[in-house]
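The values are calculated or read from the model by the stated rules, or taken from the named source; none is laboratory data. These numbers were taken from a predicted model, which means no experiment stands behind them. All Cβ positions, glycine included, derive from the backbone under ideal geometry; neighbour counts span all protein chains shown. Protein only, heavy atoms only, side chains kept; ligands, DNA and RNA dropped before computing areas. Shrake-Rupley method; radii C 1.70, N 1.55, O 1.52, S 1.80 Å.
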Amino acid sequence: MRSVIFDLDGTLADTSGDLIAAANACFRDLGLGDMLDPATDAATALCGGRAMLRLGFSRLQGIDEAEVDRQYPLLLAAYAQAIDIHTVLYPGAMEAVMALKSSGYAVGIATNKPAALAETLMRSLGVRDHFASLIGADTLKVRKPDPAHHIEAVLRAGGDPAQSLLVGDTITDRDTARNAGVPSVLVTFGPGRDSVLALEADATIDDFADLPAVVARLIG
């Protein structure tokens, strides 16, 4: 079965607002106030918790990796308590997923978000059951851009890795696809459109409505 595997943060859903809120909770507990701005720091938020912590610390006292490591589990705990306050699915995301499924493709998720948080979020959004697999950062001993992360998502969805592609929004997703020897499709409607286009993925889309045709062109 041909398969389409989706990244989560910045691809299926805009999770930046809740991620930044969790990071700012850590900074406030340290007496630093809100170090990140939801309007201007969304791109960093979609690169993960440690990236947000590094950015915040860099604006005041420099990056201390030991402090980043100490704060990271606290950030995850704060995020788990308020995971769906601001998060929304991107327009047309689930319509594209359903169109792919109706055309016979298997669909799954490969995300570097911890698996339990990804499961919680997708269920909160009411869409978890539409995906045949979900591989998180801690599901395997490796994570994206290791190709095993993508391959496992395909296999658990009942697909053939040789007839799959990855839909994402960052260099990590592009490199995961390249490492797996499969096409990548990057979305351009999140923060940083120009930087996404510069990654030279196999295809880009400005609208989820275009995805089914792009998938058909790339993997049949």
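For this structure, a couple of remarks:
- Ordered by 1.4 Å accessible area with all protein chains kept, Ile135, Ile151, Ile63 run largest first as Ile63, Ile151, Ile135.
- Listed values (1) 1.12; (2) 1.00; (3) 1.30, entry calculated as Cα Rg over 2.2 N^0.38 Å: (2)
- Residue-span extension gain [Thr188 to Ser103] - 0.36 nm each, minus C-alpha spacing: 28.2 nm
- Between region 152-200 and region 62-132, the Cα center-to-center distance that results, in Å: 16 Å
- Cross-link reach is defined here as a Cα-Cα straight distance under 14 Å, omitting same-chain residues fewer than 8 places apart; for Lys101 the aspartates and glutamates meeting it are Asp129.
- Only aspartates and glutamates eight or more places from Lys141 in sequence, or on another chain, were considered; those with a Cα closer than 17 Å are Glu152.
- Hydrodynamic radius (Kirkwood) for region 16-82, which is based on Cα pairs only, to one decimal in Å: 11.3 Å
- Length added when fully stretched, Asp69-Leu197, from 0.36 nm per residue minus Cα-Cα: 42.9 nm
- Extension reserve of the Ala82-Glu95 stretch, reckoned as 0.36 nm per residue once the Cα distance is removed: 2.1 nm
- Among Arg128, Arg54, Arg217, the sequence by solvent-accessible area, most first, with a 1.4 Å probe is Arg217, Arg54, Arg128.
- Rolling a 1.4 Å probe across the protein heavy atoms gives the chain an accessible surface of 43 Å² per residue.
- Label-to-label distance, nm, for residues given as Asn179 and Gln61 (7 Å Cα→Cβ offset): 3.3 nm
- Accessible carbon and sulfur surface of region 1-71 relative to its total accessible area, %, 1.4 Å: 49 percent
- Label zone at Ala115 (point 7 Å along Cα-to-Cβ), backbone N below 19 Å, region 1-38: 5-9
- For region 1-73, averaging the sequence separation of C-alpha pairs within contact (under 8 Å, six or more residues apart) and dividing by the residue count gives a relative contact order of 25 percent.
- Gaussian network model of the chain, Cα within-10 Å springs - most flexible of Gly92, Gly158, Gly31: Gly31
- Relative contact order (%) - the chain, alpha-carbon pairs under 8 angstrom, separation at least six: 24 percent
- Dipole check for the chain: with +1 at the C-beta of Lys and Arg, -1 at the C-beta of Asp and Glu, and the Cα centre as origin, the magnitude is about 480 Debye.
- For the options Leu140, Leu186, Leu100, a Gaussian network treatment of the chain with springs between C-alpha atoms closer than 10 Å singles out Leu140 as fluctuating the most.
- Fluctuation leader among Ala39, Ala51, Ala201 - the chain, Gaussian network, Cα springs under 10 angstrom: Ala39
- Peptides 70-82, 113-125 ranked from most to least packed give 113-125, 70-82, packing being the mean of other C-beta atoms within 10 angstrom over each peptide's residues.
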